[in-house]
Amino acid sequence: KLPRTILGIETSCDETGAAVVADGRRVLSSVVSSQVALHSPYGGVVPELASRKHIEHILPVVRQALAEAGLKTGDIDAVAATQGPGLVGALLVGFSFAKAFAYAANVPMVGVNHLNGHLASLFLTDDPPAIPFVALLASGGHTAIYHVTGPVTSTLMGQTRDDAAGEAYDKVAKMMGLGYPGGAVIDNLAAQGDPAKYAFTRPYLDKAAFDFSFSGIKTAARRFIQEAGDALAPESPHIAAGFQEAVADVLCYKLVHAAKVKKCGHMALVGGVAANRRIGEKLRHAAKQEGLVVHIPPPAWCGDNAAMIGAAGFFQLAAGAEPVDLSADVYSRV
Ligand code: KG4
Ligand code: ZN
């Protein structure tokens, strides 16, 4: 019998997440405890602090997820936890907690790849993309395009050779003294700027291929920031807008091109950067022009969360995946 009510657990980076998901589609509850305030003074995630915060938060967050779903431990049919990639110390907290829960509740446990989790966030919407489709995952740690041929099957078409898109946002924000993380801050600042004032080049690389490079855009931003010098404050909206427009153009071009090459009518954008308003706007515009359907999950499912992990776990079990052995280990890299 297929486990239907899944407890999802996510602790790969700086969010402690727990969620209850029914049939891989219906989110009964989703709790995310963010550590942003803890890490922001350091300008990035401090791995050891992240692990310790996960230890403190994991049980209350799981309890809250169960309570909000109106369920008890005994109502859970299976546990799904992020196994990697991510910070090892952070992953170990959620993964070990999930093992203990599964052991005590005598239910199966599945290990979920965090990137597959982001892809599964698309199935949490009322109107998921029609399979096969192409998907761009743009987050703080990854930027890659996939050809998705089933709920748990995808092939990698290309990925970044240097920075991830979200990482570039974070670094440019840091250079402008806007704090960490920088995605949402630049998103807002750019809305008041002129994207054409600063000439950012677009690194398409091979236009026929699906690799990315964001280090050049980041370097250009650094140069414009240095040139502005003391006059940075009035220029920063324009620099932010120019940077964002260049990133958005490259992401949109590559995703639309991938849909054409794979002859898919549907394309999707997932990961933290998918919350970006300008990128979403450009993608919807491009989709209209090209006669494609674009899917972007609501912001709550773009950033790291456990509902997407629960969904991915459900589809893995439905596809016949074996539960993990309770001696299974986590992995830091893909
Ligand atoms: O998926 P996510 O929560 O964590 C990872 O798996 O990395 O993505 C976090 C990234 C950060 O780099 C953050 O700056 C970026 O997503 N981000 C955004 C926006 N909101 C978050 N980037 C651009 N625009 C946004 N509105
Ligand atoms: Zn993520």
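Rule-based calculations on the coordinates, nothing more; no lab input. A quick note: this is a predicted structure, and the numbers were derived from the prediction, not measured. Reconstructed Cβ throughout: ideal geometry from the backbone, glycine too, with neighbour counts over all protein chains shown.
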- Percent RCO, i.e. relative contact order, over region 127-296, from Cα pairs under 8 Å lying at least 6 residues apart: 28 percent
- Convex hull volume per residue for region 1-135, taking Cα atoms only, in Å³: 118 Å³
- Item | Per-selection Kirkwood Rh - the chain (Cα, Å, 1 d.p.) | 20.2 Å
- Item | Charged-residue dipole, Cβ positions (Lys, Arg, Asp, Glu), region 133-286 about Cα centre, Debye nearest 20 | 500 debye
- Note on the structure: Summing +1 per Lys or Arg and -1 per Asp or Glu among the other residues with Cβ less than 13 Å from residue 277's Cβ gives 0
- Message: Can you tell me the orientation of helix 88-105 relative to the chain, as the angle in degrees between its alpha-carbon axis and the longest Cα principal axis, to the nearest 10?
- Response: 30 degrees
- Net charge of Cβ neighbours under 11 Å - reference residue 305; Lys, Arg +1; Asp, Glu -1: -3
- Item | Amide N of region 159-186 lying under 15 Å from the label point, which is placed 7 angstrom from the Cα of residue 233 along Cα→Cβ | 177-178
- Item | For residue 214, distant residues with modelled amide H under 5 Å away | 161, 162, 163
- Message: Can you tell me what share of the DSSP beta bridges in region 127-296 is antiparallel? A percent to the nearest 5 is fine.
- Response: 60 percent
- Query: Calculated from DSSP H runs of 4 or more alone, at -39500 (n - 2.57) each and per residue, what is the 222 nm mean residue ellipticity of the chain, nearest 500?
  - Reply: -14000 deg cm²/dmol
- Between region 275-301 and region 61-121, what is the C-alpha centre distance in whole Å? 30 Å
- Task: Add +1 for every Lys or Arg and -1 for every Asp or Glu among the other residues with Cβ under 9 Å from the Cβ of residue 242, and state the total.
- Result: -1
- Query: Once fully extended, how much extra length lies between residue 100 and residue 174, figured as 0.36 nm per residue of separation less the alpha-carbon to alpha-carbon distance?
  - Reply: 22.7 nm
